[in-house]
Amino acid sequence: MQVCVPSTPAQIYHLLRRQMLRPYRRPLIVMSPKSLLRHKEAVVDAGRARRRTIPERDRRTSRSSMPKNVKRVIACSGKVYYELLAYRREHAIEDVAIIRVEQPYPFPHEDFTAALAQFPKASEVVWCQEEPQNQGAWYRLREYLRADALPEPDRRVCGAARVARRPPSATCRSTSMQQQQLIEDAFAPTLAMGAMHVGT
């Protein structure tokens with residue numbers, strides 16, 4: 001089985017193309033909101049093959065010096081990437097890189113490790129998800145993230161999400177506030193080591 005969260009039209013195209021052309025059949029679960037079909041940032045270079053992990057890339061700014069400056073790497077899936085990107089641009093943050101995990105399951109260990117290797121001085125890896133702490137991918141992925149990120153000495157793995165809850169019962173107003181809070185939490189300087197840091 002594969003669980004994918006494509007963030008660009010090209011990713012969706014190559015995902016479906018691969019599913020049809022491979023000589024065997026495997027269940028494919030695709031989770032992607034329709035809003036990305038209209039998002040002006042949801043584009044990719046033509047002809048690029050589908051990637052299970054998309055490393056740091058920001059066309060608007062020159063990031064040639066970024067690897068030696070990065071202190072934190074944020075990993076995420078889906079449309080939250082574009083909100084993180086917008087927040088980073090708005091606040092002119094130059095020491096945080098953002099990696100997209102387009103295939104949470106099976107987890108792309110080699111691709112993710114290669115993306116992390118670009119930032120040897122990063123002391124933190126943060127998983128950011130829109131879902132509450134007790135939902136989404138965090139509980140499954142945190143051990144994978146630790147396994148891939150912790151070979152570097154003193155590197156911490158933590159996360160940013162909404163508060164844990166049973167049903168998705170938040171109102172539109174509180175959901176919007178929680179969404180903004182988790183974006184701020186992802187960039188906040190004080191994240192608890194090894195634990196999910198959640199907004200209020």
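The values are calculated or read from the model by the stated rules, or taken from the named source; none is laboratory data. Note that this is a predicted model, so its numbers are computed, not measured.
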So in the stretch 44-66, with the set limited to residues that are hydrophobic (A, V, I, L, M, F, W, C) and over 16 Å from residue 4 (Cα atoms), which one is modelled with the lowest pLDDT? 46
Of all residues in the stretch 134-163, count the ones that are in a strand (DSSP E or B) and of a type in the set (Val, Ile, Thr). 1
Look through 41, 90, 110 and report the one residue that is acidic (Asp, Glu) and modelled with pLDDT under 90. 41
Expected single match for closer than 19 Å to residue 79 by Cα and among the aromatic types (Phe, Trp, Tyr) among 112, 119 is 112
All but one of (1) aliphatic (A, V, I, L, M); (2) outside any loop (DSSP other than H, G, I, E, B); (3) modelled with pLDDT of 85 or more hold for residue 36; which doesn't? (3)
